[in-house]
Amino acid sequence: MALGYKVVQKGQPGVTGGGEKKYYAQIVNGREVTVDEMAKSIEKFSALSEADILSVIRALENTIQKELSDGKIIRLDKLGSLYPKISSNGEESAKKVTSKSIKSIGVNYRPGKRIINSMKEAGFSKVG
């Protein structure tokens with residue numbers, strides 16, 4: 001199956017009025033796949049039942065939450081890795097940087113090579 005993309009026109013970032021506009025390819029996402037749907041699909045490739053798979057996924061979710069909250073990097077073998085990230089306000093001195101300087105917190109995901117390669121091998125098809 002190929003990855004769908006569409007063509008969008010974008011202006012130059014930070015230029016009043018958009019500056020010179022160019023055309024870019026932008027991915028067209030398909031529908032979402034739920035955990036339940038994934039569990040049913042995994043069941044076909046394993047000796048585990050759907051209930052067992054869902055239990056493992058829920059346990060993994062809980063473990064990931066705990067480990068990320070402890071500031072750890074989570075390496076999921078060939079799936080890739082997850083790690084916490086923050087964004088903060090710039091302060092005038094190091095002493096002024098406190099937890100109140102932090103604007104947002106999130107999680108970065110760095111996919112494994114096999115995932116990136118599978119996307120490259122999928123190819124592309126122009127939509128619309």
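A compact table of results
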item: Exposure proxy order (Cβ contacts within 10 Å, fewest to most) of 1, 119; result: 1, 119
item: Computed label-point distance, nm, for sites residue 94 and residue 56 using a 7 Å Cα→Cβ extension; result: 4.7
item: For residue 4, residues with placed amide H under 5 Å, excluding near neighbours; result: 28, 125
item: Separation of the residue 102 and residue 28 label points, Cα + 7 Å toward Cβ, nm; result: 4.1
item: Label zone at residue 119 (point 7 Å along Cα-to-Cβ), backbone N below 16 Å, the range 59-98; result: 78-83
item: Helical segments meeting 20 Å axial Cα length and Kyte-Doolittle 0.0 threshold in the chain (DSSP H); result: 50-69
item: Dipole magnitude of the range 73-117, debye to nearest 20 (Cβ charges: Lys/Arg +1, Asp/Glu -1, about Cα centre); result: 160
item: Hz values of 3J(HN,Hα) by residue in the range 101-106 - Karplus curve (6.51, -1.76, 1.60), Gly and Pro given as x; result: 6, 6, 8, 8, 10, x
item: Ascending count of other beta-carbon atoms within 10 Å, so fewest first, for 15, 56; result: 15, 56
item: Ranked 83, 23, criterion: other C-beta atoms within 10 Å, fewest first; result: 23, 83
item: Net charge dipole size for the chain [Lys, Arg +1 and Asp, Glu -1 on Cβ; Debye, nearest 20]; result: 620
item: From the coordinates shown, percent of Cα pairs over 21 Å apart corresponds to which of [x] 35; [y] 52; [z] 67; result: [z]
item: Whichever lysines have a C-alpha closer than 25 Å to that of residue 22, once near sequence neighbours (fewer than 8 apart) are set aside; result: 6, 10, 120, 126
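Every number in this text was worked out from the coordinates using simple rules, so none of it is lab data. All of these numbers come straight from a predicted model, not from anything done at the bench. Heads up, the Cβs are rebuilt from the backbone with ideal geometry, glycines too, and the neighbour counts pull from every protein chain shown.
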